[in-house]
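Chemist: I'd like to ask some things about the structure below.
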């Protein structure tokens with residue numbers, strides 16, 4: 001079983017194999033994403049009841065929370081790739097690491113901006129320098145740092161190792177973001193879903209939230225595959241498989 | 001619930017719809033830009049290979065890899 005896994009892992013990591021596999025998956029993933037998105041939006045905007053404290057403004061939650069979850073999830077993906085890059089020097093992990101960064105930065109930006117748009121009517125301000133907001137902003141800078149550093153080094157294999165270190169070091173920020181609302185006094189509300197207790201959110205609001213979160217996850221894979229395919233073509237442009245692929 | 005009530009979002013229309021609009025734009029860009037980049041890479045490589053350049057020559061033209 002283990003041997004089989006190792007064999008599969010090596011095959012999976014080979015650029016031509018991954019390029020083809022990702023191409024096969026993309027239409028299915030896009031279909032799944034569309035279904036999830038429509039279901040999540042309908043559930044969140046139409047079916048979910050009005051909040052008794054926040055009125056309709058709380059509906060921002062259905063983009064804000066999935067985006068914030070993704071901002072942390074993608075960072076973990078990046079850091080995991082960073083470890084693979086440093087330990088095994090795997091080419092595919094280098095490409096995934098560099099391709100995940102702009103998507104992660106987009107979701108972080110989205111989480112910050114939708115949070116700010118939710119903060120204005122509920123807290124009376126677009127921005128406060130409190131722990132949750134500040135640590136999320138630092139996450140955005142970490143992403144931008146990864147993108148900038150990767151772009152600044154010409155040799156992409158060296159660049160990948162450099163950003164791998166940055167990504168791994170930056171991982172300390174992830175638990176800080178998650179626990180910031182417990183460790184410090186914050187305007188931001190505490191966790192209602194991701195905690196060991198039962199979620200303190202009504203089921204009618206929870207399910208659209210989870211469906212949207214799943215839709216965002218699938219979307220991330222779609223966007224990542226798309227980017228990785230483009231980057232693989234570019235990186236491997238002098239190899240036989242690319243030549244054969246382009247000519248056929 | 002009427003249509004206008006729905007779009008009014010209990011008076012929070014600006015905040016709610018701006019959020020959803022921005023999310024839409026961000027998602028669209030993250031799909032479209034890589035899609036276009038991939039297509040352009042394919043086209044560029046196709047031109048290179050068609051113009052009779054061998055793999056060896058492409059390599060010499062770009063020493064960065």
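No value in this document is a laboratory result; all are computed from the given coordinates. This is a predicted model, so every value here is computed, not measured. Heads up, the Cβs are rebuilt from the backbone with ideal geometry, glycines too, and the neighbour counts pull from every protein chain shown.
Chemist: Between residue A:120 and residue A:38, what FRET efficiency follows from the Cβ-Cβ distance if R0 is 22 Å, with the result rounded to 0.05? Write out the running numbers ahead of the final one.
Modeler: Working: r = 28 Å, r/R0 = 1.29.
That gives a FRET efficiency of 0.20.
Chemist: Over the protein assembly as shown, how many percent of alpha carbon pairs lie in each 20 Å bin up to the one with the longest distance?
Modeler: The calculated distribution, bin by bin, is 29, 53, 18, 1.
Chemist: To continue, here is another question. Name the most mobile residue of A:236, A:136, A:94, meaning the one with the largest mean-square fluctuation, in a Gaussian network model of chain A with Cα contacts below 10 Å.
Modeler: A:236
Chemist: Can I ask one more? In whole Å, largest first, what are the principal axis extents of the Cα atoms in segment A:121-174?
Modeler: 48, 20, 12
Chemist: Give, in nm to one decimal, the length gained when the segment between residue A:162 and residue A:29 is fully stretched (0.36 nm per residue of separation minus the Cα-Cα distance). Please list the in-between numbers first.
Modeler: Values: separation 133, 0.36 × 133 = 47.88 nm, distance 3.17 nm.
Between residue A:162 and residue A:29, full extension yields 44.7 nm more.
Chemist: State whether segment A:18-77 is rounded, prolate or oblate according to the following rule on the C-alpha gyration tensor (a ≥ b ≥ c being the square roots of its eigenvalues): a/c under 1.5 gives rounded; otherwise a/b larger than b/c gives prolate, and the remaining case gives oblate. Let's see the in-between values first.
Modeler: Working: a/c = 6.22, a/b = 1.84, b/c = 3.38.
Cα axes put segment A:18-77 in the oblate bin.
Chemist: Taking the 0 to 90 degree range and rounding to the nearest ten, how far is the long axis of helix A:173-183 tilted relative to the main principal axis of chain A, both from C-alpha atoms?
Modeler: 10
Chemist: Could you tell me the distance between the Cα centroids of segment A:153-207 and segment A:118-144, to the nearest Å?
Modeler: 13
Chemist: Just to confirm the number: angle between the C-alpha axis of helix A:131-152 and the first principal axis of chain A, 0 to 90 degrees, nearest 10?
Modeler: Between the helix axis and the principal axis of chain A, the angle is about 20 degrees.
Chemist: Any chance you could give the angle, 0 to 90 degrees and rounded to 10, that helix A:156-170 forms with the longest Cα principal axis of chain A?
Modeler: 30
Chemist: Additional query: How would you classify segment A:134-248 from its alpha-carbon gyration tensor, with a ≥ b ≥ c the square roots of the eigenvalues: rounded for a/c under 1.5, else prolate if a/b is greater than b/c, otherwise oblate? Intermediate results must be reported in sequence, preceding the final value.
Modeler: Details: a/c = 4.12, a/b = 1.69, b/c = 2.43.
Verdict is oblate for segment A:134-248.
Chemist: With n ≥ 4 as the cut-off for DSSP H runs, can you work out [θ] at 222 nm for chain A, using -39500 (n - 2.57) per run divided by the number of residues, rounded to the nearest 500? Could you put the intermediate results ahead of the total?
Modeler: Values: 9 runs with 189 residues, N = 248.
The helix contribution divided over chain A gives -26500 deg cm²/dmol.
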